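Chemist: Below is one structure. I have some questions about it.
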Amino acid sequence: MPTTRRTPTRRVAPARPGFTLIETALATVIIGVGVLAMMDAFQGFLRANSWSTQSSTATLLAGEIREMSRTFPRHDAFAGGIYFENPTAHTTFRGWGPEPDETDPSMFDDIDDFDGAVFGSAADSDLPGPVGVTGAGVAMRYPGPIDAFAAVIPETDWAGVTATDGAGADLPLQGWSQYVRVEKVDPADYTVTRADDYYEPAAGATPELEVDQFPLRVTVWALYQGPFDTSARVVARHTWVVPR
Ligand SMILES: [Ca+2]
Ligand SMILES: [Ca+2]
């Protein structure tokens with residue numbers, strides 16, 4: 001009886017839907033690169049947005065000082081301006097800086113009152129240029145930053161709510177300071193600065209240019225120190241000249 005022998009056939013595994021390891025790894029790499037690019041772009045946007053916000057705040061703060069002093073005379077009209085106690089010998093210079101009763105910026109009433117004033121908490125070492133008024137050597141310290149009415153500008157959140165300290169008092173705008181320098185400049189060349197007590201002696205037919213007859217150059221720096229910064233840095237600077 002003939003027998004038939006069945007040839008064994010290889011069983012082929014049916015194709016299963018799914019991804020191979022290589023495909024999965026490739027997909028992960030592709031998606032990963034895309035996500036990284038998006039995060040980088042987002043960080044760039046945040047940096048640009050932060051710079052834009054800081055720049056506009058700094059410009060505003062510098063403008064507030066200018067607006068506050070816009071109608072002020074160069075020197076105090078009530079206290080006799082700036083002068084020498086001995087006008088002949090030109091000794092004992094008086095009148096530069098805030099007058100003795102002007103203990104608060106709301107009492108400032110002339111341009112030279114602002115020289116060396118810091119409105120805010122920026123350290124002396126972070127202030128640009130020589131610090132302080134004639135002979136004082138240190139900055140004049142006031143709470144700040146301030147607005148054009150000499151009121152401290154409060155910190156507000158994104159919803160416009162003013163931040164307060166534990167006692168319920170308004171917190172000033174965090175991290176910001178204004179620093180002001182007032183310098184006498186040569187009437188013929190505003191780039192040449194003169195000492196606060198400088199006067200030009202008479203020469204020939206030209207009469208003496210008295211100590212209070214010079215234009216003033218005012219410079220306001222707006223500085224910012226972030227919560228993780230070790231020092232304050234200048235974000236904006238405004239300079240203008242008050243003619244005589
Ligand atoms: Ca004054
Ligand atoms: Ca003054």
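Every residue, every condition in (1) out of contact with any strand residue (DSSP E or B) (no Cβ under 9 Å at 6 or more places or on another chain); (2) over 18 Å from Asp104 (Cα atoms); (3) assigned to a helix (DSSP H, G or I), yes or no:
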position	(1), (2), (3)
Leu36	yes, yes, yes
Gly44	yes, yes, yes
Arg47	yes, yes, yes
Ser52	yes, yes, yes
Thr57	no, yes, yes
Ala62	no, yes, yes
Ile65	no, no, yes
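Chemist: Something else about it: Do we have Phe78 as in contact (Cβ under 8 Å) with a residue 40 or more places away in the chain and within 16 Å of ligand 2 (Cβ to nearest atom) here?
Modeler: Against the criterion (in contact (Cβ under 8 Å) with a residue 40 or more places away in the chain and within 16 Å of ligand 2 (Cβ to nearest atom)), Phe78 does not qualify.
Chemist: Can you tell which of Val138, Val131 is farther than 24 Å from Pro243 by Cα, away from ligand 1 (no atom under 16 Å from the Cβ) and modelled with pLDDT under 90?
Modeler: Exactly one residue qualifies, and that residue is Val138.
Chemist: Which of the residues that make up region 199-212 are touching a strand residue (DSSP E or B) at 6+ places or on another chain (Cβ under 9 Å), loosely packed, with under 14 Cβ neighbours inside 10 Å and not in a strand (DSSP E or B)?
Modeler: Residues satisfying the conditions are Pro201, Ala202, Glu208.
Chemist: Report, by residue number, each residue of region 81-95 that is over 32 Å from the mean Cα position of the chain (by Cα) and either crowded, with 18+ Cβ neighbours inside 10 Å or within 12 Å of ligand 2 (Cβ to nearest atom) (or both).
Modeler: Tyr83, Phe93
Chemist: For region 91-112, what are the residues that are under 13 Å from Ser69 (Cβ atoms) and either touching a residue at least 60 places away in the same chain (Cβ under 8 Å) or touching a His at 6+ places or on another chain (Cβ under 7 Å) (or both)?
Modeler: The answer is Asp110, Ile111, Asp112.
Here's the yes/no breakdown for (1) in contact with a Phe, Trp or Tyr (Cβ under 7 Å, 6 or more places away or on another chain); (2) in contact (Cβ under 8 Å) with a residue 40 or more places away in the chain; (3) within 15 Å of ligand 1 (Cβ to nearest atom):
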| position | (1), (2), (3) |
| --- | --- |
| Ala37 | no, no, no |
| Phe42 | no, no, no |
| Tyr83 | no, yes, yes |
| Phe114 | yes, yes, yes |
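Chemist: Also, quick follow-up: Quick check on Pro87: is it free of Cβ contacts under 8 Å to residues at least 60 places away in the same chain and within 24 Å of Val185 (Cα to Cα)?
Modeler: For Pro87, the condition - free of Cβ contacts under 8 Å to residues at least 60 places away in the same chain and within 24 Å of Val185 (Cα to Cα) - is met.
Chemist: Against the condition touching a Ser or Thr at 6+ places or on another chain (Cβ under 9 Å), without any contact (Cβ under 8 Å) to a residue 40 or more places away in the chain, within 19 Å of Val180 (Cβ to Cβ) and more than 16 Å from ligand 1 (Cβ to nearest atom), how does Pro143 come out, does it pass?
Modeler: In short, yes.
Chemist: Residue check: is Leu26 surrounded by 10 or more Cβ atoms within 10 Å (Cβ to Cβ), over 30 Å from Arg194 (Cβ atoms) and not polar (S, T, N, Q)?
Modeler: yes
Chemist: Which condition breaks for Ser69 when tested against (1) within 15 Å of ligand 1 (Cβ to nearest atom); (2) surrounded by fewer than 15 Cβ atoms within 10 Å (Cβ to Cβ)?
Modeler: Exception for Ser69: condition (2).
The values are calculated or read from the model by the stated rules, or taken from the named source; none is laboratory data. Since the structure is predicted, the reported quantities are computational estimates derived from the model, not experimental observations. No Cβ is skipped: glycine too gets one built from the backbone with ideal geometry, and neighbour counts run over all protein chains shown.
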